[in-house]
Each structure stands twice: as C-alpha cells, then as structure tokens.
Amino acid sequence: MNELIFFFNKVIVAGSVIGSIYAMGAIGVTLVFAILRFAHFAHADLMTLGAFFSYILVVAFPELGGFVGLPTGFVVLPVAMVLTAIFAIGLDKTFYKPLRDKNVKPVVIVIASVGVTLMIQGVIRLFAGTTSRNFFSVDGVAGKDIFRIKLPFEAASRKIFITEPQILLFIFLILAVGLLHYFLTRTRLGKAMRAMSDNPDLARVSGINTNVVVWTTWIIAGGLAAAAGTLLSMDVILKPDLSFNILLPIFAAAIVGGVGQPYGAIAGGFVVGFAETLSVFNWAILLRPFRDSIPEWIELPSKIAFVPTEYKIIVPFVLLIAILVWKPTGIFKGKVL
Amino acid sequence: MTSLTSVKREIVLFSGLGLFLALIFFQMGTAFSLRMLIEAACYAIIALGLTIQWGYAGLFNTGIMGFIAVGGFFTVLISFPVNDKFWNSDGPAELGVVGLYLLAGIAITWAVSKSHRFGFPKKLVTFLTVLTFAISYLVVISALEPAADKIESGAGFIGGLGLPVFAGWIIGALGAGVVAYYVGRICLGLRSDYLAIATLGIAEIIKAVFKNADWLTQGTLTVSPLPWPVPTPNDIGFVAARAGYLTVTAIIVVVILFFLQRAYNAPWGRMMRAIRDNEVSSSAMGKDVNKRRLEIFILGCMLMGLGGAALVTSTRIFDPSGFLPLNHTFLIWVMVILGGSGNNLGAIFGAIFVYIIWTISEPMAILIFEAVKVYGNDWFGWQAPSDLMARALQMRVFVIGLTITLVLRYAPQGVLPEKVIHHG
C-alpha cells in the first residue's frame, strides 16, 4: 500500500503538476504556430518573464495575499498576466510584424524569435543575476501550505503530499481551459481565430480583422505563459534559467497534441509530463511487496528506471521523434506545416 | 559591373579586417592574438558548415553546439593517450559484453519488427516490437550501469586510442555526419521549424550524455591535456606552437573554401539554390528535394564536427559542461547572417570579425560595469550586487540576440551578399 502511495506522490501528482505547466505553455505555442505560422522559440522566456513580473509585484505588495487568504503570488497573477500579454504584443509589433510585412520565409521569423529569446535572457540575467528566488520568502503573510492526507487504510502509513500552489495550479488550469473553450467556440472573435488558423487568406477576404486576431493570440499566449511560469516557480523555485529546460517539452507537447489544436496541446502537455515522471520512476519499488513470491533464481535489481534522472531531457525528445515518424499530425489531427 | 563592385567591397572589408587585426596584434601581443586567430579559424570552419546549410539550402540548425561536442568527443576518443589502467582491468571485457547485449537486442527487435511477413497481424507486430525494444533496452542499461561504475571507480575513464590527431578530427567529422543523418532523415521532410526544434533537442541530449557518462568522457572532471597535431607550447614556446596550429587550421579553411566555391558554381550548387528558392518547381524538374537537403545537412554538420574537433583540440581541454547553446550556437548564427548567408567569404569574414568582437567584448563589458559600479556608488549610493561581473558577461547574450534581430530586419543579406552568377 505504501508503495502505491509513493507511486501516487511521485508519478500522479508530480506528473499532473508538470503536465499542467507544459499544457499551459503548449496552448500558447500551438496557437502562435497555427495563426502566425512559426515556432515561437521565445515562449519559454515569456514564462520566465511573467514569473519575474509576479515576483516583482509580490515584493512590492507583500501584504496583498492576506486579504483573501491565498498566497500573494497567486493574487497578483492577473496583473502579471496582463503585463506579459502587453509585453508579448509589444514583441510582435517590434520584431515579428515588420518581418511578416516584408513577406519573409517563416523560418526567418523563427530565427528572429531565437534572437528575442537571447535578448530576454540577457535582460533577465542582467537585472536578476543567476540566483534562485523563493516566492514564499518574500510573501508578507502566507507560507507554503503542505497538505498531508492520511488514507483510511490500515496498511497505509505513508501520506499523500500535495501543496497549496499545486492545488491552485489545478484549479487555475481547469478555469483557464473552460474559458478558452467558451471563447473559441462561442464568441465571434474565437471563431475568427479558428477560421484564420484554418485558412488565413479566406479569413482575410471574408472581412476578419487579422490584426485583432493576432493581438488576441498574443494576449492568450502571453497570459497563459505568465500563469504557467508563476505557478511553476511558486511550486518549485524561481530560476532565471527556467526557460531553456522547458522549451523542448513544450514544443514536444504542442506537436504531440497536434499543431493548432488547443485541446491537443493540453493532452500533449499531460502526455509529456506523465511520460517524464513514469520514465524516471524507480519501478523496483512497486515490485518490493512481491519479493517473497518471486522465485529465487530471478534476481531483482534495486533500481529499474527507464531513464536516469539526469537524462530526463531525452523523454520529450523521444516522444517528439516518435510522433514525427509515425503520426506527424499529432493525436488530435493538427496541421503539419 | 556588379561583380566589380562586389570585389571592391570584399577588398575593402577584408583590408579593414586586416587593419583591425594589426591593431589587436599591436595592443594585445602576439601570443594572445594568435590564440584568438586559431579559435576564429575554427569558428570559420563551423560557420562555413552553417552557411551551406542556411545559405545554400535554407535549413535552420539550432544544434550546432551538439555537433561541435560530437567532433570534440571523437577527437578525445581517438587521439587521447591510451589509458593502460582501463585496458588491463576487466573494463574492456565487460563493455564487450554490454556491446553483445546491445547487438542481440537490436537483432531481436529487428527480427520481431519484420515478423509481419509470417502473417502476424500488423497491430500485434507493432506491440511486440515496442515490447521487445523496451525489454532489450532495460537489459542493456542495467548491464551497462555496473560496468560503468566499475570503470569509474577503477580506471577513471576509458581513455583514448592514442592515434594521430588528424584521425580524431576526421572521425569527429564523420560522427557528426552520422548524427546528422538520423536527425535529417526524420525532420527534413517537414518544414524547417521541426528541424530547428529537433536539432535543439539533439544538442541538449548530446550535452547531457557527455556530461553524465563519466566512464566515457570523465564528465565534469574534464579531459586534458589533449594532444596537438603540431608541437605543443611546452616544446617550442607559445608563439611558434600557436603559429603552427594556425597554419594547420588556415590551410583547412582555405581547402574547404576552395571546394565549396567550386561546388557552389557547379550544377550541384545551382540545384541547391533552386530547391531553396522554389521547392515546388525544382521537385517538378525531377530533383529529389529531401535527399538533396539531407546531403547538404550532413555535409554542413560534418564541417561543424571538424571545426568543433579543431576548436576543442586548440583549447587542449574537453569540458562537456562548457558547451553552451547560447555561446556556441548563436554566436555562429551571428557570424553567418552578419557576414552574408550563402556567401562563403562572408562567412569567413563574419567568423573572424565577430569572434574578435566577442573576445574583446569580455574585458570591455567588465570595464563598463566597473565604471557603472563606481559611479553608481558615488552618485546615487547604489550598492552593486556581488555577481555583477557575471551579469556583465550575460549582457553579451543580449547583444547577440539584438544583432540577430536587427540584421534580419534591416540587412538580411549581410555585409557580403550572396553572389549569384548569371550565365549567358
């Protein structure tokens, strides 16, 4: 029983947390990919930047969380999302739109987005150095609540661990996905977005204001990036080099889910997240209860993990390659650009 | 007329670069400048590799760092002195057993994947293939782990083979080519964005492997001193040794340049440009677009492996954690797009010019930030953070990014634009 709870903590909880983060990032990537038709390499840096906006706001107003009884980082999140969305639109206007207007090849815009990545990283490290920061050490009121849930079984002495930022993350993801679903299927602008993703020329001639659609894309992408960055750093720690490690899993999630499919991106995020936690999990622990019933001649190794933890980066890559080989459209039948 | 002005442009730019170099020789001393030039020459080889991928074929490679690392690794493996302690221990035998397991696993998986010929249903075959792959993978890594641990605790690492350095460089180039073949086979049929994402991933994986597989590369302990193809500074002094090394790298650059120029003006080069500029029409003319792209991708990556091997050898240390994606990959991108993509001379000009700026920007950034620190304290009583110098160096990453975006927007052709010769 304890082994199962260990599995739950290490795989189910951890996988859902990282999966939600990847999902939120991948929604942004997949929308930008579908509407602007380029792989946005600076997306992970939007996450870091959004997390830093939240951090600055928490430092500026450490008491804010006390009024509602939630961590301050979560309370200031909407403001950080707005700031990041404005920043994303600014990026588009300064760097991507001039190139789009010149009708360059899409790959040139991809390179420009790499340039933007480097600039954002340079600026963040210039002002923030390379040290890690903890949201809860600057929070004036709340500490990080950890819930230890005891299961009502005799054999289960281990407890299920879940932290407050993790619960907030799940609630936020569900709300965000619900709103996004409503927006894309019920509102005029959301439908315009889907139309533009399907056929940009047809959308333009039928009178859809493409600029507004592009802006909306950046608002959604930037807002979700800020939320993902902030919630991840609240759960773990805020690091300036957060972004480079998360970029490949996000792309993998977007492509596994199918480019241009927001629901696919969510599914892809969870697939990548669970694949990571499942492959670094030590399966020998689950076999331990059966130690006595296994015949003598089979020697059980003390560690059976598919991938050692330090090679975790291989997992999203292998998923990416597998999907590109077998089903380039992804699970949800997205586009192949 | 146009060719005359472009020749003039080349003469002006390269003589300006020569003057700049003379100034640096005068200011910084011969030994320092020679080292800088050696590294610039190695970067020039890598930049030539990128300029044929990007300039000739329009492929976006973000994994240059990985191919450099592969080149460097094979140089270590081939040319580093033999580690007798390893060869006298059980290590080789145990690694041999792991190798046999690996071969057996590959053979069984392959056989199972072909079993649909005996009438098994397709879905079952796929399932069985994945299952046998997973099992043989687990067997191999669980066999490798104790062997690796024993090598690490006993002999340290497997060492090299003690062969000549040039053999190491050539094998390094071939190794990079093999990696490129598999990446290219998967991604080149899709749009360039996918190649960018996949090369980014492969570079990270290569770095992770070299950093953590201590039995293979000593990981963070680094391998040094690497042998040189020419007498080392210990034997004949810094200036003479570095001059010798520079001669070797310069000859390589010139030879590669000669062949690339020939290839560019040959039918092969014209076909590549045709594919880059209009994929649809060239495939309608019967060109195998994906195969040609794979060809040039492998060729470019081999040049990157060669340049990486030369670069790692010149520093005499193989340090897997030193392969930074930002420094290695995008510095080279700046070299190529600033110099002029598709123009080989432009890539060489860009490599030398950008590398000089990159080298001297380090003391300059520190100088500027020292000044900021002093004046900030005097005027505003600002207390500078202790890691200000590290941050000053990070600022150079910002400059790389800014240069990329500005060049793409305002001078997409670079300082030496591509020269397309029109026949007839």
Of residues in segment B:169-208 being in contact with a Leu (Cβ under 8 Å, 6 or more places away or on another chain) and hydroxyl-bearing (Ser, Thr, Tyr), the one surrounded by the fewest Cβ atoms within 10 Å (Cβ to Cβ): B:Tyr181
Count - residues of segment A:121-169 that are basic (Lys, Arg) and within 14 Å of chain B (Cβ to nearest Cβ): 2
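Just checking, does segment B:371-383 include any residue being assigned to a loop (DSSP other than H, G, I, E, B), farther than 19 Å from B:Ala351 by Cβ and among the polar types (S, T, N, Q)?
Step one: list which residues in segment B:371-383 are assigned to a loop (DSSP other than H, G, I, E, B), which gives B:381-383.
Of the ones still in play, those that are also farther than 19 Å from B:Ala351 by Cβ are B:381-383.
Now narrow it down to the ones that are among the polar types (S, T, N, Q): B:383.
Yes: one or more hits.
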Near pairs, Cβ below 9 angstrom, 6+ apart or cross-chain, from segment B:374-398 (over 13 Å from A:Ala128 (Cα atoms)) to any residue that is surrounded by 15 or more Cβ atoms within 10 Å (Cβ to Cβ) and of a type in the set (D, E, K, R): B:Trp382/B:Lys373; B:Val397/A:Arg125; B:Phe398/A:Arg125
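Can you tell which of B:Pro121, B:Pro164 is loosely packed, with under 15 Cβ neighbours inside 10 Å and within 29 Å of the chain's Cα centre (by Cα)? First the steps, then the outcome.
On the way: B:Pro121 fails: within 29 Å of the chain's Cα centre (by Cα).
Among B:Pro121, B:Pro164, only B:Pro164 is loosely packed, with under 15 Cβ neighbours inside 10 Å and within 29 Å of the chain's Cα centre (by Cα).
Rundown of residues vs (1) surrounded by fewer than 17 Cβ atoms within 10 Å (Cβ to Cβ); (2) closer than 26 Å to A:Phe41 by Cβ; (3) at pLDDT 90 or above, yes/no style:
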{"position": "A:Ala176", "(1), (2), (3)": "no, yes, yes"}
{"position": "A:Leu180", "(1), (2), (3)": "no, yes, yes"}
{"position": "A:Ala192", "(1), (2), (3)": "no, no, yes"}
{"position": "A:Ala203", "(1), (2), (3)": "no, yes, no"}
{"position": "A:Val214", "(1), (2), (3)": "no, yes, yes"}
{"position": "A:Leu231", "(1), (2), (3)": "no, yes, yes"}
{"position": "A:Leu238", "(1), (2), (3)": "no, yes, no"}
{"position": "A:Asp241", "(1), (2), (3)": "yes, yes, no"}
Identity of the residue in segment A:105-116, at the interface with chain B (Cβ under 7 Å from one of its Cβ atoms) and among the β-branched types (Val, Ile, Thr), that ends up nearest to A:Thr94 (Cα to Cα): A:Val116
Verdict on A:Ser279 being in contact with a Gly (Cβ under 6 Å, 6 or more places away or on another chain) and of a type outside the set (A, V, I, L, M, F, W, C): no
Pairs with Cβ under 6 Å, 6+ apart, first in segment A:23-45 and on the phi > 0 side of the Ramachandran plot and within 11 Å of another protein chain (Cβ to nearest Cβ), second surrounded by fewer than 24 Cβ atoms within 10 Å (Cβ to Cβ) and part of a helix (DSSP H, G or I): A:Arg37/A:Pro106
Selected residue [more than 13 Å from chain B (Cβ to nearest Cβ), under 23 Å from B:Gly201 (Cβ atoms) and surrounded by fewer than 24 Cβ atoms within 10 Å (Cβ to Cβ)] from A:Phe290, A:Phe270, A:Phe306: A:Phe270
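Just one of A:Ile255, A:Ile285 is farther than 30 Å from A:Pro71 by Cα, more than 14 Å from chain B (Cβ to nearest Cβ) and either assigned to a helix (DSSP H, G or I) or free of Cβ contacts under 8 Å to residues at least 40 places away in the same chain (or both); which is it? Spell out how you get there, then give the answer.
Working: A:Ile255 fails: more than 14 Å from chain B (Cβ to nearest Cβ).
Only one candidate qualifies: A:Ile285.
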Filtered residues of segment A:70-82 (kept if touching a residue at least 40 places away in the same chain (Cβ under 8 Å) and either surrounded by fewer than 20 Cβ atoms within 10 Å (Cβ to Cβ) or not in a helix (DSSP H, G or I) (or both)): A:Leu70, A:Pro71, A:Val82
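Any idea which of A:Ile285, A:Ile298 is surrounded by fewer than 17 Cβ atoms within 10 Å (Cβ to Cβ) and either of a type in the set (Phe, Trp, Tyr) or at pLDDT below 90 (or both)?
Numbers: A:Ile285 fails: surrounded by fewer than 17 Cβ atoms within 10 Å (Cβ to Cβ).
None of the others qualify; the one that does is A:Ile298.
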Helices (runs of 4 or more DSSP H) wholly inside segment B:228-323 containing at least 2 residues that are more than 24 Å from the chain's Cα centre (by Cα) and at pLDDT below 90: B:233-236, B:238-265, B:267-277, B:279-284
Residue that is nearest to B:Ser33 (Cα to Cα), among those in segment B:308-333 that are surrounded by fewer than 21 Cβ atoms within 10 Å (Cβ to Cβ) and within 14 Å of chain A (Cβ to nearest Cβ): B:Asn327
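The values are calculated or read from the model by the stated rules, or taken from the named source; none is laboratory data. Here the structure is a predicted model, which is why all the values come from computation and not from measurement. Here the Cβ is made from the backbone with ideal geometry for all residues, glycine too, and neighbour counts use every protein chain on show.
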